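J.: Below you will find the structure I want to go over with you.
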Amino acid sequence: MSVERFSLDANVFFYAIDATDESRHRRAMEVVERAALAHDCIVTLQVYGEFAATTRKGKMTIEDARAQIIDWQTLFTTVYPAPGSLSQAMDAVAQHNLSFWDAMLWSVAKDAGVTVLLSEDFQDGRELGGVCFRNPFSTGDPFRAPARTRLKQSEARKGT
């Protein structure tokens, strides 16, 4: 079992249902499946809201979007903003130059104990407040930390 806790951004779900970009579609389908079956992975309510809003732009009906979200909610625990999430997100906007909605996603995920957020919207490999951002569409396994990160974690456990 993974010691990391993952979360998926809405872009992963968008590509999972949109086959326009075939390689991203295949990768997103694989990421969603692996996240559901083999990893501790949560999804924020915001992500489902973004998915519903964006898919309404000609990708699917609201009924189809609702059915898809309900399916995903059977696979992933849905997490909600905590009372301090908004303030923490606004601090991240001011201090780290994140967009508001990216900061809100990060804040809620962080409060839920997420250690890895899979998204193409953040700087790949950046860490903020204990949450590492990984681009699931870049090369490599998004569920496996890069070698340099694994080495740092190993050294930290040894106290070196």
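J.: Can you tell me which condition Ser23 does not meet? The list is (1) over 18 Å from the mean Cα position of the chain (by Cα); (2) over 12 Å from Phe137 (Cα atoms); (3) loosely packed, with under 12 Cβ neighbours inside 10 Å, and all the others hold.
T.: The number of the failed condition is (2).
J.: For region 1-82, please list each of the strands (runs of 3 or more DSSP E) lying entirely inside it that holds at least 2 residues being under 20 Å from Asp102 (Cβ atoms) and touching an Asp or Glu at 6+ places or on another chain (Cβ under 7 Å). Don't jump to the end; show me each part of the working.
T.: Numbers: elements: 5-8, 40-44, 77-79.
The strands (runs of 3 or more DSSP E) meeting that bar are 5-8.
J.: Between Ala156, Ala145, which is modelled with pLDDT under 95 and within 18 Å of Arg5 (Cα to Cα)? Break it down into steps so the answer makes sense when it comes.
T.: Numbers: Ala156 fails: within 18 Å of Arg5 (Cα to Cα).
The unique qualifying residue is Ala145.
J.: Looking only at region 102-119, which residues are surrounded by 17 or more Cβ atoms within 10 Å (Cβ to Cβ) and out of contact with any Asp or Glu (no Cβ under 7 Å at 6 or more places or on another chain)? If you could, list the steps in order and put the result at the bottom.
T.: Residues of region 102-119 surrounded by 17 or more Cβ atoms within 10 Å (Cβ to Cβ): 102-112, 114-119.
The answer is Ala103, Met104, Trp106, Ser107, Val108, Ala109, Lys110, Asp111, Ala112, Val114.
J.: Pairs only if they're at least six apart or on different chains, beta carbon under 7 angstrom, first in region 23-52 and farther than 16 Å from Asn135 by Cα, second at pLDDT below 95 and outside any helix (DSSP H, G or I); list them, first residue then second.
T.: Close Cβ pairs satisfying both conditions: His39/Ser2; His39/Phe143; Asp40/Ser2.
J.: Just one of the numbered conditions (1) charged (D, E, K, R); (2) modelled with pLDDT under 95; (3) in a helix (DSSP H, G or I) is not true of Asp124; which one?
T.: Going through the list (1) charged (D, E, K, R); (2) modelled with pLDDT under 95; (3) in a helix (DSSP H, G or I), Asp124 breaks only (3).
J.: Additional query: Check whether at least one residue in region 57-73 is polar (S, T, N, Q) and surrounded by fewer than 12 Cβ atoms within 10 Å (Cβ to Cβ), and report yes or no.
T.: Kept after step one, since they are polar (S, T, N, Q), are these residues of region 57-73: 61, 68, 73.
Checking the rest, the ones that are also surrounded by fewer than 12 Cβ atoms within 10 Å (Cβ to Cβ) come to 61.
Looking for residues that are polar (S, T, N, Q) and surrounded by fewer than 12 Cβ atoms within 10 Å (Cβ to Cβ), one finds at least one in region 57-73, hence yes.
J.: If I ask for residues that are under 12 Å from the mean Cα position of the chain (by Cα) and aliphatic (A, V, I, L, M), which ones from region 113-144 would you list?
T.: Answer for region 113-144, where residues must be under 12 Å from the mean Cα position of the chain (by Cα) and aliphatic (A, V, I, L, M): Val114, Val116, Leu117, Leu118, Val131.
The values are calculated or read from the model by the stated rules, or taken from the named source; none is laboratory data. Quick caveat: nothing in here was measured; it's all calculated off a predicted structure. Cβ coordinates were reconstructed from backbone atoms using ideal geometry, including for glycine residues, and neighbour counts include every protein chain displayed.
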